[in-house]
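These notes concern the structure reproduced below.
Every read-out reported here was derived from the displayed coordinates using simple, explicitly stated rules and does not represent laboratory data. It should be emphasised that the depicted structure is a prediction, and the values quoted were computed from it without experimental measurement. No Cβ is skipped: glycine too gets one built from the backbone with ideal geometry, and neighbour counts run over all protein chains shown.
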Amino acid sequence: MIKSLKFAGLLLLCFAPPFVFLSIYGYQARSFNAKDVQSGILVACAVVEFAAILFSAKLALELQPHFKKFVLLIARAAFGPETPEPNKQVDLRRLAYHEAGHAVFRWFNPELATVNHVTILPSNDDLGHVQPEPHESKLPTPEWYRAEIASSLSGRVAEEVAGLGISSAASHDIKNATAWARLMITELGMSERIGLVHVDVDTCSNQMMIVIESEISVITNEARNTSKSSLEKHREALDGVAAALLNRQTLDTKALEELLGPR
C-alpha cells in the first residue's frame, strides 16, 4: 500500500510541470488570460504538495516553505517582474489614451473579439496592453483582417484624437499592421490589384515589390481612417476609459461594460 502511494505521488510530481508550462505558454500566446495562468499555477502547486505528501511526509515538510518562492518564480516567468505601479517615467496620460484607443475601437467593432482586460501597468517589454478574448474558430475574412489592422493602429490614432500628437509608442503596432496587410496581399489573395496569386517577397521582382508596398500603404491608410472615424464617433467613451485607466490602472470586461455599455 505504501509503495503504491509513493508511486502515485511520483506520477503526480511528473504531471505538475505541464500545468505550469502550458499555462504560461497560453498566456504568452494570448490564448489564456491572467486568471487562467494563476489557476494553472495553483493547480500545479496543489498537485506538487499532494504528491509530496503521498511520496514522503518528510519531503512534504521540506518542500512546504519553498512553495511561496515557487509560485513567485513562476508568476515572474509568466508576467515579468512585479509592477505594482505604472512606470512614472512614461507619460501616463498618453499611455492611457493609447491603450484606451485599442480597447474602445475593439469594443465597438463587431468583427473583433471582445476585450478581456486593458491595463497601463507594464509587463515584460510592454508599457501597457489590451488583452482580447481568444478568437472564435472561424476562417478570417478580409473584413476581419482590415478590422485587426485598424485595431492595431487605434492606439496611435487615439493619441492624435486626444490632441497629444504622435509618439514612438505605436512602433510595434505599426509593425503588426504592416505584417497583416502584407499577408493579405502576398499569401491570401485579398488584393484586387495583385489578384489570386502567391507572391514570394524574397524572390519577386522590384516592380512587384513596389506594387506590394503601395497596396500595403493603401490598406493601412484606410485602416487608419476607419480607426479615426470610430474613435471620433466614440470620443466620450475614449475619454472615459482613459480617465478610468489613470485612476484604476487595469479594467476588465465588467468594468468596460459599465463604462461603454453592453457589447
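Note on ASP91 and ALA113: their simple-model spin labels are 3.2 nm apart, each label 7 Å out from Cα toward Cβ. Fully extending the segment from ILE174 to ASP125 would add 16.0 nm, taking 0.36 nm per residue of separation and subtracting the current Cα-Cα distance.
With +1 on each Lys and Arg Cβ and -1 on each Asp and Glu Cβ, and nothing else charged, work out how big the dipole of region 98-237 is about its Cα centre, in Debye to the nearest 20.
Approximately 260 debye in magnitude.
For region 156-162, backbone phi angles converted through the Karplus equation (6.51, -1.76, 1.60; θ = phi - 60°) give residue-by-residue couplings of 4, 5, 4, 4, 5, 4, 7 Hz, Gly and Pro being listed as x.
Extension gain for the segment ALA243 to ASP200, taken as residue separation times 0.36 nm less the Cα-Cα distance, is 10.9 nm to one decimal.
The ranking of LEU238, LEU121 from fewest to most other beta carbons within 10 Å of each one's beta carbon is LEU121, LEU238.
Let me know the shape class of region 149-263, please: from the alpha-carbon gyration tensor, a ≥ b ≥ c as square roots of the eigenvalues, rounded when a/c is under 1.5, otherwise prolate if a/b is greater than b/c, or oblate. Can you show the working numbers first?
Values: a/c = 2.82, a/b = 2.44, b/c = 1.15.
Here region 149-263 falls in the prolate category.
Taken one residue at a time, the phi angles of region 244-251 give Karplus couplings (6.51, -1.76, 1.60, θ = phi - 60°) of 5, 5, 5, 7, 10, 6, 9, 10 Hz. Gly and Pro are set to x.
Neighbours of ALA170 by Cβ distance under 13 Å: Lys/Arg scored +1, Asp/Glu scored -1, total -1.
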